[in-house]
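Novice: Below you will find the structure I want to go over with you.
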Amino acid sequence: TPEAAGSTIAITLRGEQVAQSFIGAANFSASRVAVKLGKQGSPTDNVTIQIRNDSAGSVGSTVLATGTISNSALNESPNWLWVDLASPVALSAATRYWLVIQRSSTTSAFNHYLIQLDSSAYETVSLWNGSSWIADTSGRCIPFRVWATEDLFAQARAMLVAGNQFF
């Protein structure tokens with residue numbers, strides 16, 4: 001909070017949770033998510049990543065899928081880390097979703113997690129300030145990857161159907 005120097009200074013915490021919106025390019029079943037994470041100090045909790053619904057352009061309250069990254073998997077400098085979702089989730093084309101990154105315990109000024117941001121703007125980044133989601137005004141985005149899986153038999157069936165003139 002901008003203030004003149006005096007006997008007290010107010011510090012506003014933003015980003016207990018961070019969310020990146022994305023729009024599904026096709027109908028698919030998401031099973032893995034990757035983000036660039038690191039850690040500062042020695043946090044003892046883990047990082048939880050969720051895929052949530054959209055609610056009128058903001059982060060929704062419905063958790064569609066979740067996964068956890070252990071603190072021991074993180075280095076001091078952010079790098080790509082994959083997390084398997086507890087169960088695959090069906091995502092629809094042209095539908096907005098939110099990738100929410102949060103720690104599993106309380107915040108700490110000395111032992112915390114780092115999320116790498118990219119200078120290119122993609123969709124919307126929102127920050128949880130403890131009571132509501134606010135838009136990040138830095139113009140950056142969170143690099144991420146969402147991977148799909150498909151059952152081996154479904155893949156084989158699709159290939160046979162596509163090439164049935166040869167069988």
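Quick grid of which residues meet (1) open to solvent by 50 Å² or more (accessible area, probe 1.4 Å); (2) of a type in the set (Val, Ile, Thr); (3) touching a residue at least 24 places away in the same chain (Cβ under 8 Å):
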site: 41; (1), (2), (3): no, no, yes
site: 47; (1), (2), (3): no, yes, yes
site: 61; (1), (2), (3): yes, no, no
site: 67; (1), (2), (3): no, no, yes
site: 76; (1), (2), (3): yes, no, yes
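Novice: Another question, then. If I filter segment 108-120 down to residues being among the aliphatic types (A, V, I, L, M) and part of a strand (DSSP E or B), which single residue comes out as nearest to residue 65 (Cα to Cα)?
Specialist: The residue in question is 115.
Novice: I would also like to ask the following. Considering only segment 87-128, how many residues are at pLDDT 95 or above and of a type in the set (Phe, Trp, Tyr)?
Specialist: Qualifying residue count for the region: 2.
Novice: Moving on to the next point. Would you mind finding the one in 70, 77, 105 that is farther than 15 Å from residue 23 by Cα, among the small types (Gly, Ala, Ser) and touching a Gly at 6+ places or on another chain (Cβ under 7 Å)?
Specialist: Among 70, 77, 105, only 77 is farther than 15 Å from residue 23 by Cα, among the small types (Gly, Ala, Ser) and touching a Gly at 6+ places or on another chain (Cβ under 7 Å).
Novice: Is there a residue in segment 11-31 that is assigned to a strand (DSSP E or B), open to solvent by 80 Å² or more (accessible area, probe 1.4 Å), of a type outside the set (A, V, I, L, M, F, W, C) and at pLDDT 95 or above?
Specialist: For segment 11-31, residues assigned to a strand (DSSP E or B), open to solvent by 80 Å² or more (accessible area, probe 1.4 Å), of a type outside the set (A, V, I, L, M, F, W, C) and at pLDDT 95 or above: absent.
Novice: Also, I was wondering about something else. State the number of residues belonging to segment 92-126 that are of a type in the set (D, E, K, R) and without any contact (Cβ under 8 Å) to a residue 60 or more places away in the chain.
Specialist: 1
Novice: Out of 83, 89, I need the residue that is closer than 18 Å to residue 144 by Cβ, open to solvent by less than 40 Å² (accessible area, probe 1.4 Å) and without any contact (Cβ under 8 Å) to a residue 60 or more places away in the chain. Which one?
Specialist: 83
Novice: Out of all the residues in segment 70-82, is one or more under 12 Å from the mean Cα position of the chain (by Cα) and of a type in the set (D, E, K, R)?
Specialist: No; the residues of segment 70-82 include none that is under 12 Å from the mean Cα position of the chain (by Cα) and of a type in the set (D, E, K, R).
The values are calculated or read from the model by the stated rules, or taken from the named source; none is laboratory data. The structure displayed is predicted, hence computed values, not measured ones. Every residue, glycine among them, receives a Cβ derived from its backbone with ideal geometry; neighbour counts consider all protein chains shown. The accessibility values were calculated without ligands, DNA or RNA, using every heavy atom of the protein model including side chains. Shrake-Rupley method; radii C 1.70, N 1.55, O 1.52, S 1.80 Å.
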